[in-house]
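Chemist: Provided herewith is a single structure, encoded as structure tokens, for subsequent inquiry.
The values are calculated or read from the model by the stated rules, or taken from the named source; none is laboratory data. Here the structure is a predicted model, which is why all the values come from computation and not from measurement. A quick note on method: Cβ atoms are made from the backbone with ideal geometry, for glycine too, and the neighbour counts reach across all protein chains shown. Only protein heavy atoms, including side chains, enter the accessible area calculation; ligands, DNA and RNA are left aside. Shrake-Rupley method; radii C 1.70, N 1.55, O 1.52, S 1.80 Å.
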Amino acid sequence: MDAAKWNILGLKVTNIKIRNIKIPSKINNVEVKHFGKEAFKNFQKLEYVTIPNSIISIEDSEFGMKMGAFGNCKNLKTVNI
């Protein structure tokens, strides 16, 4: 049986003014391993993302950056892993 894990599929927010996201390595003591193809799509103010070492995959869209996990993140400057 696989160990428990979290998959971040996306954040449901209506007014996306977030500039900085730090993805946790664990939520409720369970490791975060993946995030979905539109997890942060349309976060137009997003500038900085920190991804922990626990992440082993980021689901991508067949349409690339325009529709992927960071699709339409026009101000994204830095992704730290």
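Chemist: Looking at segment 59-73, which of its residues are modelled with pLDDT under 75 and in a loop (DSSP other than H, G, I, E, B)?
Modeler: Of everything in segment 59-73, those that are modelled with pLDDT under 75 and in a loop (DSSP other than H, G, I, E, B) turn out to be D60, S61, E62, F63, M67.
Chemist: Just checking, how many residues over segment 8-49 are in contact with a Lys or Arg (Cβ under 8 Å, 6 or more places away or on another chain), within 16 Å of F70 (Cα to Cα) and either open to solvent by 50 Å² or more (accessible area, probe 1.4 Å) or at pLDDT below 80 (or both)?
Modeler: Qualifying residue count for the region: 8.
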